[in-house]
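What follows is a set of notes on a single structure, which appears directly below.
The values are calculated or read from the model by the stated rules, or taken from the named source; none is laboratory data. The model shown is predicted, which means the values in this text are computed figures rather than measured ones. Cβ placement follows ideal geometry from the backbone for every residue including glycine, while neighbour counts extend to all protein chains displayed. Note: areas computed on protein heavy atoms with side chains; ligands, DNA, RNA excluded. Shrake-Rupley method; radii C 1.70, N 1.55, O 1.52, S 1.80 Å.
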Amino acid sequence: MIRFENVGLRYESGPEVLRDVTFTLERGSFHFLTGPSGAGKTSLLRLMFLDHKPSRGLITMFDRPIATLTRHELPDIRREIGVVFQDFRLIAHLTAYENVALPLRARGKSEDSYRADVIELLQWVGMGERLNALPSTLSGGEKQRVAIARAVMGRPRLLIADEPTGNVDAEMGNRLLHLFVELNRLGTSILIATHDRELIARNPAPALVLHKGEVEIHG
Amino acid sequence: MVEVPMTGTARRSLLARLFVETRSVMPAAGSTGLSLVLVIATMCFLASLTLGAVLAVNHATQSWTRQLSGALTVEIRAVEGQDPEMQRDAALTVLSKTPGILTAKTLTRDDVAALIQPWLGADIAREDLPFPQLIDVRVDTAAPPDLVALAAALEKSAPGVKLDSHREWLDDINGAANAAQGLSYAILAIITLTTIAIVTFATRAGLLANHEIVELLHLIGARDNFIASEIQRHFLLLGLRGGVLGLALSLLAFGGMALAMNSRSFLVSMPTIQPWTLTSLLLVPVMAALVSVITARMTVMRGLGRMM
Ligand SMILES: Nc1ncnc2c1ncn2[C@@H]1O[C@H](COP(=O)(O)OP(=O)(O)OP(=O)(O)O)[C@@H](O)[C@H]1O
Ligand SMILES: [Mg+2]
């Protein structure tokens, strides 16, 4: 379903951050992505959510080679992917509610059709009382939860999360992990980049381990 | 206790969405700033003045033309060896036989004296100067006579008889009006191009300042169309605000001019702003909004087309 074959990436004329990365994620799978800081986790995820083109190699998303996609087709693929960015990327002048609603608004849905869902999801991540808060007034962990809610909101086929539990305590980390597991049970493929060994221990799943620009699959 | 979400788009009428608090995904900064509104307002002020001037000149030209083309004058010079009465009767006979002529009235010596008095002074009337005889002719403007044929027939009727159809006057007036109109359209074109350049510049600056939001919107699957719509909303507001402000300023200017003119008298009716002209000036803010929105949209679409 998602396949990387001999994928290499270098930023401009820098060194190769990724080289010969090859793996397959089956539909409905659950994987962690680990590796030391600077190993290239975020870089690999950016390739997957179509933020950057590989320098070489073949990437197939939902059975479509992305090199063949036209600009016009990109939004359709991107709508199948929910992303929790490592730096959240919430829009500063929009409220938590508006940020979470964004994927649906961008799809042209009317507010009446999604308002209840957005509120329910924000309640689920413990942000039910901060609907109208601007991101600048939220703590790191709160921003993270809003970012997770936004990633999940569009009911993606693939959820990519870059350090989604980096800023929350163990209990909230558990709760968020539970959300990911629930989604996975409903058919969403999950890929979580994390340093958090505890998180991995709580939900044993295969891990892609990045080392020196290459990927090994453990477990 | 759960808060009720506050958003700009919840259950509002279209008008409210346009004018009240629509929170665009793109921040407004840069595109609805006061300075940009003032620049657009200035453009609209100039455009309204120009348009108002064109309309006023057109109106004045039309009314002058109507006044002058409804009236002809037959001028009869005193000619050695000709009986003035015979000359006049010959001319009147030709006039009475010509279809399309409503009345032909011979002006008395006093009438003529009164006409030239402002130029030559009151004394002149008392002296025994050989005034030309004048016949004031009213023409049916719906079915006017053939002026060329009439002029020829009059000149043939007796020596010294000549038709003055004010043609030269009218040609001069129309020539001047056409020149003024052409100039005004050129000015309007320049104003429009300048506005397009300003909006293009502002849109580019806004895109650059907000490129992180644009990238995020792309990553969550937004199409260029959605992003452009969110941005062009700001420019709709910008165009409307600037347009209304500019129009209001120009109305003040027209009002001032009208007052200044009313307090003086002029030989001919001066170009003035007619009430219906004001309704056509409403086009200015509408055009400003349209030009802003279309320009912003095209600029955004072109800019986004270069991104992944
Ligand atoms: N936009 C960029 N331009 C140039 N180099 C970059 C860019 N982004 C990342 N890099 C480099 O690529 C390497 C991998 O970075 P990346 O962010 O993928 O690591 P990471 O595994 O996500 O690290 P962390 O665990 O700290 O988040 C780093 O050496 C980094 O300096
Ligand atoms: Mg990273």
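Data for the structure
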{"read-out": "Enumeration of residues in the stretch A:34-64 that are within 20 Å of A:Thr188 (Cα to Cα) and away from ligand 2 (no atom under 16 Å from the Cβ)", "value": "A:Leu50, A:Ile59, A:Thr60, A:Met61, A:Phe62, A:Asp63, A:Arg64"}
{"read-out": "Tally, over the stretch A:163-180, of residues that are open to solvent by less than 10 Å² (accessible area, probe 1.4 Å) and farther than 11 Å from A:Leu199 by Cα", "value": "1"}
{"read-out": "Count - residues of the stretch A:117-135 that are in a helix (DSSP H, G or I), facing another protein chain (nearest Cβ under 10 Å) and open to solvent by 10 Å² or more (accessible area, probe 1.4 Å)", "value": "3"}
{"read-out": "Count - residues of the stretch A:189-218 that are closer than 17 Å to A:Met1 by Cβ and free of Cβ contacts under 8 Å to residues at least 12 places away in the same chain", "value": "0"}
{"read-out": "Failed item, numbered, when A:Val152 is tested on (1) open to solvent by 10 Å² or more (accessible area, probe 1.4 Å); (2) away from chain B (no Cβ under 14 Å); (3) not in a loop (DSSP other than H, G, I, E, B)", "value": "(2)"}
{"read-out": "Given (1) facing another protein chain (nearest Cβ under 8 Å); (2) under 30 Å from A:Gly14 (Cβ atoms); (3) open to solvent by 30 Å² or more (accessible area, probe 1.4 Å), index of the condition A:Arg78 fails", "value": "(3)"}
{"read-out": "Within the stretch A:82-93, tally of residues that are under 14 Å from the mean Cα position of the chain (by Cα) and either under 13 Å from B:Glu215 (Cβ atoms) or at the interface with chain B (Cβ under 8 Å from one of its Cβ atoms) (or both)", "value": "4"}
{"read-out": "Identity of the residue in the stretch A:189-219, among the polar types (S, T, N, Q) and more than 16 Å from ligand 2 (Cβ to nearest atom), that ends up farthest from A:Leu18 (Cα to Cα)", "value": "A:Asn203"}
{"read-out": "Residues within the stretch A:41-65 that are away from chain B (no Cβ under 11 Å) and open to solvent by 10 Å² or more (accessible area, probe 1.4 Å), tallied", "value": "13"}
{"read-out": "In the stretch A:106-115, the residues that are under 28 Å from A:Gly140 (Cβ atoms) and more than 7 Å from chain B (Cβ to nearest Cβ)", "value": "A:Tyr114"}
{"read-out": "Sole exception among (1) within 16 Å of ligand 2 (Cβ to nearest atom); (2) surrounded by 20 or more Cβ atoms within 10 Å (Cβ to Cβ) for A:Gln86, by number", "value": "(2)"}
{"read-out": "B:Ala90 being within 25 Å of B:Asp164 (Cα to Cα) and touching a residue at least 24 places away in the same chain (Cβ under 8 Å)", "value": "yes"}
{"read-out": "Top-ranked residue in the stretch A:9-37 [being near ligand 1 (Cβ under 10 Å from one of its atoms), in contact with a strand residue (DSSP E or B) (Cβ under 7 Å, 6 or more places away or on another chain) and of a type outside the set (Phe, Trp, Tyr); ranked as most open to solvent (accessible area, probe 1.4 Å)]", "value": "A:Arg10"}
{"read-out": "Hits in the stretch B:159-173 - residues which are at pLDDT 80 or above, assigned to a helix (DSSP H, G or I) and open to solvent by less than 60 Å² (accessible area, probe 1.4 Å)", "value": "B:Ile173"}
{"read-out": "A:Ile192 open to solvent by less than 30 Å² (accessible area, probe 1.4 Å), within 25 Å of A:Ile91 (Cβ to Cβ) and more than 14 Å from chain B (Cβ to nearest Cβ)", "value": "yes"}
